[in-house]
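Worksheet: one structure, shown below.
The values are calculated or read from the model by the stated rules, or taken from the named source; none is laboratory data. Bear in mind the structure is a predicted one, so any value in this text is a computation, not a measurement. Cβ sites come from the backbone with ideal geometry, for glycine too, and all protein chains shown count toward neighbours.
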Amino acid sequence: MLVLVLGRAPLGVAKDWRGMLAGAMMLGGPAIGLLSGGMDSGSLTIALALTPVVVAVAAAALGDGGEGMAGRMWPGLAAVAGLLLVLTQPNVSNVRNDVLLLAAPVLTGAGAALFCAKRGRSIASALVGGAAVFVVSWVWARGAVSVVAVACDGLLTVLGVLAVSRLGATRWSAQFAVVPLLIVLEGLVLVRPGLQVRWLVGLALIAAGSVYLLLPKDEG
């Protein structure tokens, strides 16, 4: 609801707040696993693959142009289906973790769509929002994170905001399918297990979704 309100508010009033909120959401979503502690990385990977689906829904809600919502949603759904075939099935017995797993793609995708809404982008505001996420993370960890790690996260924040501003939300969200695909392929090359049909089908689905997400699109 807050995303829709800020997305439709007058530009002069909401631009800075919209940018800060977008930056905090799209960079804080993937960091949920670090803040929660004890969350299975495979489950978080599968959950974040839903980010392109959230981007499609949020962009339509914000009045973003381009192709239909169904055409934007299927690559993310294909990637999730593929990851479910090649990775360990997520454990959904912990309600708290389930809520966080759902929140990760929702925050990330909605934040990216809000940042890329056609009514203007504020890169500086998005960086402020992203920086706030890492400050909260550092406080949450009670200073256990090293200064070098915080500096690296800050650099990734800058690169992430610049990337989404150049690529658009949909192409930016392709990372949540492409990176797991590359990791799985690397594991197959190094370990060389006997390939199963479900692995081949899963890899094909992830690859198809990744390629489609990376194709240039008409985005704001």
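Close Cβ contacts (under 9 Å, 6 or more residues apart or on different chains) running from residues in segment 182-203 that are within 17 Å of residue 45 (Cα to Cα) to residues that are surrounded by 12 or more Cβ atoms within 10 Å (Cβ to Cβ) and of a type outside the set (A, V, I, L, M) comprise 183/45; 184/199; 184/202; 202/82; 203/82. Put simply, of 159, 195 the only residue that is at pLDDT 75 or above and in a loop (DSSP other than H, G, I, E, B) is 195.
Checked against (1) charged (D, E, K, R); (2) at pLDDT 80 or above; (3) farther than 20 Å from residue 89 by Cα, residue 40 passes all but condition (3).
Conditions tested, residue by residue: (1) touching a Leu at 6+ places or on another chain (Cβ under 8 Å); (2) in a helix (DSSP H, G or I); (3) modelled with pLDDT of 90 or more.
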{"residue": "71", "(1), (2), (3)": "no, yes, no"}
{"residue": "81", "(1), (2), (3)": "yes, yes, yes"}
{"residue": "85", "(1), (2), (3)": "yes, yes, yes"}
{"residue": "91", "(1), (2), (3)": "no, no, no"}
{"residue": "96", "(1), (2), (3)": "no, yes, no"}
{"residue": "104", "(1), (2), (3)": "yes, yes, yes"}
{"residue": "107", "(1), (2), (3)": "no, yes, yes"}
{"residue": "110", "(1), (2), (3)": "no, yes, yes"}
{"residue": "128", "(1), (2), (3)": "no, yes, no"}
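Applying the condition of being exposed (fewer than 15 other Cβ atoms within 10 Å of the Cβ) and basic (Lys, Arg) to segment 88-134 and asking which residue is farthest from residue 45 (Cα to Cα) yields 118.
Listed here are the residues, each with its yes/no results for (1) β-branched (Val, Ile, Thr); (2) buried (at least 19 other Cβ atoms within 10 Å of the Cβ); (3) more than 15 Å from the chain's Cα centre (by Cα); (4) modelled with pLDDT of 80 or more.
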residue: 144; (1), (2), (3), (4): no, no, yes, no
residue: 151; (1), (2), (3), (4): no, no, yes, no
residue: 154; (1), (2), (3), (4): no, no, yes, no
residue: 167; (1), (2), (3), (4): no, yes, no, yes
residue: 170; (1), (2), (3), (4): yes, yes, no, yes
